[in-house]
Amino acid sequence: QVQLVESGGGLVQAGGSLRLSCVASGSIFRIIAMGWYRQAPGNQRELVARITRGGNTNYADSVKGRFTISRDDVKSTVYLQMNSLKPEDTAFYYCNGETITQYYWGQGTQVTVSS
């Protein structure tokens, strides 16, 4: 089992920044990639950013150049630095951990960007 706990969401004005954190615990040796997803009301959950065990990253087109995913293996933590935030970034953000057999999810954190 893998447990994921997010933090760092909140309310910010357009153009501002936030950093989300996700701490992993449990069978973290099984994790092959971690990512951030988001879901706005009425929309499907979508991938925002993902980082593999080898350090490869990929981003949704809508956040490229504004968001950066990184990790600290000593702290078992993945971060999502979000800059130049836009009202359309408003959503519930979820941390995700992938193993070979399944996905694990955190409880999520709300990000609200006001115009």
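The values are calculated or read from the model by the stated rules, or taken from the named source; none is laboratory data. From a predicted model like this one, the values you see are computed outputs, not experimental measurements. The protein model used for the area step is the full one, side chains on, heavy atoms only, and it has no ligands, DNA or RNA in it. Shrake-Rupley method; radii C 1.70, N 1.55, O 1.52, S 1.80 Å.
Given 37 °C and 0.692 mPa s, compute D for segment 1-61 with the Stokes-Einstein relation, Rh being the Kirkwood radius over Cα pairs; round to the nearest whole µm²/s. Numbers along the way, then the final one.
On the way: Rh = 13.5 Å.
Translational diffusion coefficient: 243 µm²/s.
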Cα-based Rg then Dmax for the chain, in Å, read 13.4, 41
Distance between the C-alpha centers of segment 26-41 and segment 75-115? Whole Å please. 9 Å
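Roughly how many percent of the accessible protein surface of the chain is carbon and sulfur, given a 1.4 Å probe and a whole-percent answer? Kindly include the intermediate steps, with their values, before the conclusion.
Values: 2980 of 6080 Å².
Ligands and nucleic acids excluded, carbon and sulfur reach 49 percent.
Which whole-number percentage describes the relative contact order of the chain, with Cα contacts under 8 Å and a sequence gap of 6 or more? It would help to have the intermediate numbers written out before the result.
Working: 281 pairs, mean separation 42.8, N = 115.
Dividing the mean separation by the residue count of the chain yields 37 percent.
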